[in-house]
Amino acid sequence: MSRRGWFLFILVGFLWGIPYLFIKVAVDPDNGFTPAIVVCLRTAIGAAILIPIAIKQKQLMPALRGIKYVAPYALLEMIGPWILIGTAEQKISSGLAGLLIASVPIWATIFASMQGDKTVWHRTRLAGLVLGFIGLVAVVGIESIKGSADALSIFMVLVAAVGYSYAVMMVQRALPGVSGIAINGVAMAISALFYLPFTIVQWPTHEISTAAINSIIGLGVLSTGAAFAAFFTLVSIIGVARGSLVTYLNTAFAVVLGVLILGEPLTIGMALGLPLVLIGSYFASRKPVTK
């Protein structure tokens with residue numbers, strides 16, 4: 001990988017590792033926003049960044065013509081998952097949320113097998129699936145039994161991870177030649193419009209902290225607009241398969257930043273589950289080399 005590729009790889013890992021921290025601060029019930037408002041504002045900012053890029057690339061119209069696929073993609077990638085994660089992070093740590101999202105490659109591998117990808121049952125990928133699930137069971141079981149994390153919130157984040165994994169596969173199959181920047185720009189605009197009525201109704205009457213406002217800006221500019229733009233630039237350099245490995249870096253950033261900046265505990269469940277989920281996801285998402 002070139003220096004530019006490595007730079008973008010690390011940059012995307014960081015940009016997609018910090019949203020869990022931003023969300024945790026933004027949805028503070030005392031001086032922050034509701035989860036619906038957070039989704040609306042971050043997607044509006046993201047759309048404002050990505051759509052002009054798509055127009056410059058002359059890729060906006062293909063995405064609009066594929067709206068029947070982009071709309072369900074928006075539902076499964078943003079509208080559903082981001083409200084679930086935001087709601088969950090009112091009760092669980094940002095690091096735990098990031099760790100649970102690291103299971104995306106595992107769910108994607110399962111969906112690939114359902115679509116006819118028989119390489120999923122290769123012993124390496126199968127071992128990865130088993131190892132990853134053991135890691136998830138360790139995280140979910142220990143956190144729930146100890147009472148250090150809300151079981152329903154954990155379930156919400158896992159549902160979001162499942163949505164992520166299916167959404168990407170679905171839109172890639174339906175619109176293989178359409179720019180990812182254009183697809184996500186349109187999806188963000190759809191998501192922002194969907195949550196606009198909730199934003200108007202739920203706009204807080206209490207004082208909003210500067211930290212919550214800055215977190216919204218960071219979410220929209222860095223973790224939504226800039227991150228997606230950087231990711232698809234990275235994909236153009238190293239391809240989708242290698243680019244997807246950034247998931248593992250995201251998780252590490254999410255856990256470390258939560259501990260260092262928010263003072264979140266590194267629990268036993270996270271310490272045991274993190275390496276298992278990451279290693280399992282890595283091997284589950286690797287396709288065997290055919291001779």
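The values are calculated or read from the model by the stated rules, or taken from the named source; none is laboratory data. Model, not experiment: these values are computed from the prediction. Quick reminder, even Gly has a Cβ in these numbers, built from the backbone with ideal geometry, and neighbours come from all protein chains shown. Surface accessibility is based on the protein's heavy atoms, side chains included, excluding ligands, DNA and RNA. Shrake-Rupley method; radii C 1.70, N 1.55, O 1.52, S 1.80 Å.
Any chance the range 180-202 includes a residue that's surrounded by 20 or more Cβ atoms within 10 Å (Cβ to Cβ) and at pLDDT below 85?
no
Look through the range 11-36, keep the residues that are within 13 Å of THR87 (Cα to Cα) and part of a loop (DSSP other than H, G, I, E, B), and return whichever of them is most open to solvent (accessible area, probe 1.4 Å).
Restricting to residues being within 13 Å of THR87 (Cα to Cα) and part of a loop (DSSP other than H, G, I, E, B), the top hit is PRO29.
Are any residues in the range 84-100 crowded, with 24+ Cβ neighbours inside 10 Å and in a helix (DSSP H, G or I), and if so, which ones?
ILE85, GLY86, ALA88, SER94, GLY95, LEU96, ALA97, GLY98, LEU99, LEU100
Hey, does the range 228-242 have a residue that's assigned to a loop (DSSP other than H, G, I, E, B) and either more than 20 Å from GLY80 (Cβ to Cβ) or open to solvent by 20 Å² or more (accessible area, probe 1.4 Å) (or both)?
Yes, the range 228-242 contains at least one residue that is assigned to a loop (DSSP other than H, G, I, E, B) and either more than 20 Å from GLY80 (Cβ to Cβ) or open to solvent by 20 Å² or more (accessible area, probe 1.4 Å) (or both).
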